[in-house]
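Presented below is the structure to which this report refers.
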Amino acid sequence: NESRPTQTALALRMFKAFLNYIDAHFDDCRFDVRDLFKSIKGTRGNAKNQDALQENELSEWMAQAMAYDGVGGVFLRFLLMTGARTNTEAAPLKWRDIDIRNKTIKLHCKVNGTRTIPMHPYVEHLIYGLPHESDYVFSSASPHGYLSPQNAAMYRICERAGIVTELKPRGVSIHGLRRTFTNLARQAGVLEAYACKIK
């Protein structure tokens, strides 16, 4: 843990997932997984990046995302405005999951199966500015038909917004947009409206 904290945290998460699987699928399991992990001390529970856009970075990041050509900039703004998970909720979003009458979006959540979130007018503006070329909102020519993770676009936008610095050599990650949404939603007191816990 002292020399390779990230790998240690990853190994612990994998081991925990394995034990939870055993606990859930084998009746003769005779240990309490939660008690076991309470006894493991010294690992860094926050080894993963806890990055997010700061309030003073939001305006310029948004300006650069709006100026970014293509679907990538729209996709990243959608993530920031909804707090959706990149690969499982936002990228494979289909037009049939958008209810224009009730102003809601149905996301396929890995925790609760599906969750329905309110559609902000700005998000509606973003979505309906996209070409309606396939079943997917964020369609692309990729084999699965929807947009791949936009890490390169995110880096370029951060770079143009002045967020890529010596202290933040990679700027903010795409998952950092989800954390940014969480921070803003908590400040506004609206996080309770979202059925799926955000991490």
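Approximating the spin labels as points 7 Å out from Cα along Cα→Cβ, the HIS125-to-SER142 distance works out to 2.7 nm.
So how much slack lies between GLN54 and SER134, counting 0.36 nm per residue of separation and subtracting their Cα-Cα distance, in nm?
Numbers: separation 80, 0.36 × 80 = 28.80 nm, distance 3.55 nm.
Answer, rounded to one decimal: 25.3 nm.
What does the extension gain come out to for ALA24 and ALA188, with contour length at 0.36 nm per residue minus their alpha carbon separation?
55.2 nm
For a quick protection proxy, order the peptides 182-189, 74-81, 168-175 by their average other-Cβ count within 10 Å, most packed first.
Numbers: 182-189: 13.1, 74-81: 22.2, 168-175: 17.1.
The peptides rank, most packed first, as 74-81, 168-175, 182-189.
Label-to-label distance for ALA11 and LYS106 is 4.4 nm, based on points extended 7 Å past Cα in the beta-carbon direction.
Summarising the label geometry, the points placed 7 Å from Cα in the beta-carbon direction at ARG96 and GLU2 lie 5.7 nm from one another.
Label point of THR114 set 7 angstrom out along Cα-Cβ; within region 61-89, amide nitrogens under 15 Å from it belong to 89.
Rule-based calculations on the coordinates, nothing more; no lab input. Please read these numbers as outputs of a predicted model, since none were measured by experiment. Backbone-built Cβ (ideal geometry, glycine too); neighbour counts: all protein chains shown.
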